[in-house]
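Report on the following structure.
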Amino acid sequence: MRKIAILGSTGSIGTQALDVIASNPELFEAYVLTANNNVDLLIEQARRFQPEVVVIANEMHYDKLRRALSDLPIKVYAGADALCDVVKDDNVDMVLAAMVGFAGLKPTISAIKASKAIALANKETLVVAGDLITRLCRQYRVPLLPVDSEHSAIFQCLEPGNAIEKILLTASGGPFRNYDAEQLKSVSKSQALAHPTWNMGAKITIDSASMMNKGFEVIEAHWLFDVDADRIQVVVHPQSVIHSMVQFRDGAVKAQLGMPDMRLPIQYAFAYPKRLDSDYERLDFFQLHDLTFEKPDTTRFRCLKLAYDALAEGGNMACIMNAANEIANRAFIDDVIPFTRIAEIIEQTMQHVDKQFDCSLETYLDTDRKAREYARTLI
Ligand code: NDP
């Protein structure tokens, strides 16, 4: 029985992870469940899955959570520090990092230092501090199992002993793939939130529309698979059937295909190295009339270019980029800035905040704070 701590159990990834656990009760147990504000859903999940521990990050909801679960033998904690503590529990075998944004960094580091296997959905962790995270994983001999569908696909294509020549990272292109620069200026939040193929949390959906998400994934792929940016090619593939590909040095290309359903990569990470049965929808090749591929346009989708720039720069630059994006993404969702302003705010913040190299966790925390402060002045 693998006991799993789900950081962010009330989110899109978290709830799908609980579906996987519910379908495999003899293999997996939800040992820790956590949320930020959605206390009602956390209560419902706790009553159904009966975890050992629940944590609500926003302490304002603590009393409600505690009272609602007082008839059950579940430990109830609150606050950001509690997230870092609960992942260290001796009984936890694996931590699913499914919180959104920079907030996922500290609990993930805490879990690595406690030698827990990490199933990583929270890509911002690797974007911000890929160098530190991969170093710690090596030091503590911790497996870092990708949950992001593209990285799970690449992981499934790997061949031990055979080096990767190139990663072909597929991208749906998002809802604005065919919009020109003029049209992009006036897109609305509801248009941006309507992703053509994936149903995800709001922040990553906006990141997908701006292609910042694909930029993040380039950086994530660099750290996970130790491949330089010039060997990571983004391929726009609107049907989202091929989840990504690996080209080997003899020219052979391997791809992983499947329906766009995040339960599959979650389950793969949970059960790795085994594959489990599932009743998820199968691909019907006779329905796949057109699988198309395009080059990404980094002029209209500038965030993708900024991610390559941040990776080339190194140090804390991707941390600056991530912080500015979190502020700009939120401001767009709150109807404070237009869509095209997102990339401008990120670029200006990257030009302004001090660069640092040889970064520690403290450097990243400090950089994140400064970059957020500066990005806010631009709004
Ligand atoms: P959601 O917004 O749906 O869920 C985020 C989860 O994190 C919720 O449980 C939320 O709690 C919790 N949370 C948010 N902020 C904090 C905080 N400050 N402290 C503690 N907990 C917090 O996001 P997704 O599930 O869509 O995405 C999660 C991560 O997975 C992201 O990094 C995303 O990029 C990545 N990812 C997501 C995919 C998807 O299909 N959704 C695909 C690939 C990667 P509450 O509900 O209470 O707000």
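See the values below:
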read-out: Alpha-carbon Rg/Rh ratio, for region 1-46, with Rh computed the Kirkwood way; value: 0.95
read-out: Residues whose placed amide H lies under 5 Å from that of Arg2, excluding near-sequence neighbours; value: Phe28, Glu29
read-out: Solvent accessible area, Å² - His61, 1.4 Å probe, full protein context; value: 40 Å²
read-out: Cα-based Kirkwood hydrodynamic radius, the chain, one decimal, Å; value: 21.2 Å
read-out: Among the listed pairs Lys113/Lys203; Lys106/Lys185; Lys75/Lys189; Lys189/Lys274; Lys123/Lys185; Lys214/Lys254, those beyond 30 Å (Cα-Cα); value: Lys106/Lys185; Lys75/Lys189; Lys189/Lys274
read-out: Added length on full extension, which subtracts the Cα-Cα distance from 0.36 nm per residue, Ser190 to Asn37; value: 52.8 nm
read-out: Residue-level accessible surface for Cys303, protein heavy atoms, 1.4 Å, Å²; value: 0 Å²
read-out: Å² of accessible area per residue within the chain, as computed with a 1.4 Å probe and no ligands counted; value: 44 Å²
read-out: Axial C-alpha extent at least 18 Å, average Kyte-Doolittle at least -1.0 - helices from the chain (DSSP); value: 123-139, 212-225, 317-333
read-out: Average projection area in nm² (convex hull over Cα atoms of region 235-279, one quarter of hull surface); value: 4.3 nm²
read-out: Net lengthening on full extension, Ala80/Thr377 (0.36 nm per residue, minus Cα-Cα); value: 104.3 nm
read-out: Among beta bridges that DSSP assigns inside the chain, antiparallel share in %, nearest 5; value: 30 percent
read-out: Where Rh is the Kirkwood radius over Cα pairs, Rg/Rh for region 179-221; value: 1.00
read-out: Extended-chain gain in nm, criterion 0.36 nm per residue less alpha-carbon gap, Lys254 and Leu361; value: 34.9 nm
read-out: Label-point separation in nm, Ile333 to Arg66, each point 7 Å along Cα→Cβ; value: 2.9 nm
read-out: Rg to Rh quotient for region 201-280, alpha carbon positions, Kirkwood Rh; value: 0.97
read-out: Region 139-239: trypsin sites (Lys or Arg not before Pro) in DSSP coil with no more than 16 other Cβ atoms inside 10 Å; value: Arg141, Lys185
read-out: Under the Karplus curve 6.51 cos²θ - 1.76 cosθ + 1.60, θ = phi - 60°, whole-Hz ³J(HN,Hα) for region 172-186, x wherever Gly or Pro sits; value: 5, x, x, x, 10, 3, 9, 7, 8, 4, 5, 5, 4, 5, 10
read-out: 3J(HN,Hα) from dihedral phi, region 60-66, Karplus parametrisation 6.51/-1.76/1.60, rounded to Hz, x for glycine, proline; value: 4, 8, 4, 4, 4, 5, 4
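The values are calculated or read from the model by the stated rules, or taken from the named source; none is laboratory data. Every value quoted in this text rests on a predicted model; they were computed, and no experiment measured them. All Cβ positions, even for glycine, are placed from backbone atoms using ideal geometry, and neighbour counts span all protein chains on display. Only protein heavy atoms, including side chains, enter the accessible area calculation; ligands, DNA and RNA are left aside. Shrake-Rupley method; radii C 1.70, N 1.55, O 1.52, S 1.80 Å.
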